[in-house]
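Just below is one structure, and these are the notes that go with it.
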Amino acid sequence: MKKITTFTALVTAFRPDESVDFGAIAAQARRQLAAGNDLFICGTNGDFSSLTFAERMKVVETCAAVKGEARLIANAGFPSTYETILLAKEYQRLGVEAVAAITPYFISCTQEGLYRHYAGIADAISVPLYIYEIPARTGNSIEVATVARLAKHGNVKGIKDSSGKTERLDGLAQVCAENPGFELYNGTDSLILYGLRKGAAGCVSGLANVAPEWVRAIAKAFESGDQDAADAAQKKLNGLRERLYAFGYPPAMVKRALYLMDPSVGNNRLPALVPDKTIDEGLAALLDDLGLKRADARL
């Protein structure tokens, strides 16, 4: 069986003054690589919407320098096609394997507009392009039929789908079956195994920042054909997800839990998360209960 790729939606590390800590980002990248995960950067868990154009370039350059033979995909998405292409070309120059582009946000898009957006980006770069669907954050959703149109474009390689909808995964799996070489990556942690059983090439996981080996365990069990172990590994990750996200905005909770494990990652840039003692105490108790090591057990 082909190796299942588990991408980590890598966090962006910030210092107390909210400047980017590129050294800490490199350390987090190496941690993920050691666990067997590849790198998806400048995504939702990477605080991309709070980074400047230049900062996003530097994050990509930092990860490219440490990735070795690992895979590296970076989100270049902006609301406009024009700026997305500008950043995608810079990513290409810096050595990414492929570019992802989140569906435009703030602007209300038609399906024809989304088709032209992605086709235009794919035409402008030589590395492959991945569609990045996360309607809960962008307010736009690219329909399966539009994805099917784009799958026939020679440089649109696949889709990272974070819709959390099994019916979409079913439809996208059919698109992949009808378009050999077009890949599906599931971006909802609770549906990693569901996606793999539908033929997904892998996943992009935010929770891998907190528990990298747990995410990799799902893929390894699936690769080996041990379905009971795969079910158990998915159930374990789902328990973390349900309890962690109960505290608030999911990417901020991932970042804060990781902060309690390794303070070098810093906080999110405001206003994504205002540190709260009650939440920190709850997160600390959760990490202790699940056996995830904290940097400071005094909380």
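In table form, for the structure just shown:
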| item | result |
| --- | --- |
| GluC sites (Glu not before Pro) within segment 14-81, DSSP loop, no more than 13 other Cβ atoms inside 10 Å | E18, E69 |
| HN-Hα J in Hz across segment 62-78 - Karplus 6.51, -1.76, 1.60, θ = phi - 60°, x for Gly and Pro | 4, 6, 4, 6, 10, 6, x, 8, 5, 7, 9, 10, 10, 7, 10, x, 10 |
| Unit charges at the beta carbon, dipole of the chain: most positive-side option, G266, L94, L290 | L94 |
| Beta bridges by DSSP in the chain, antiparallel share as percent, to the nearest 5 | 5 |
| T8 long-range amide H proximity, modeled H, under 5 Å | D38, L39, F40, S205 |
| Residue-wise HN-Hα coupling along segment 183-193, computed from phi with Karplus coefficients 6.51, -1.76, 1.60 (Hz; x: Gly, Pro) | 10, 10, 10, 7, x, 9, 4, 6, 10, 4, 5 |
| Residue-wise HN-Hα coupling along segment 100-106, computed from phi with Karplus coefficients 6.51, -1.76, 1.60 (Hz; x: Gly, Pro) | 10, 9, 5, 4, x, 10, 6 |
| Cβ-placed point charges (K, R +1; D, E -1), dipole of the chain about Cα centre in debye, nearest 20 | 280 |
| Relative compactness, the chain, computed as alpha-carbon Rg over 2.2 N^0.38 Å | 0.95 |
| Gap separating the Cα centres of segment 1-44 and segment 228-299, nearest whole Å | 16 |
| Per residue, the convex hull volume that the Cα atoms of segment 192-299 enclose (Å³) | 104 |
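Coordinate-derived values only; no laboratory data. Here the structure is a predicted model, which means the values were calculated and not measured. Glycine gets a Cβ as well: all are built from the backbone with ideal geometry, and neighbour counts include every protein chain shown.
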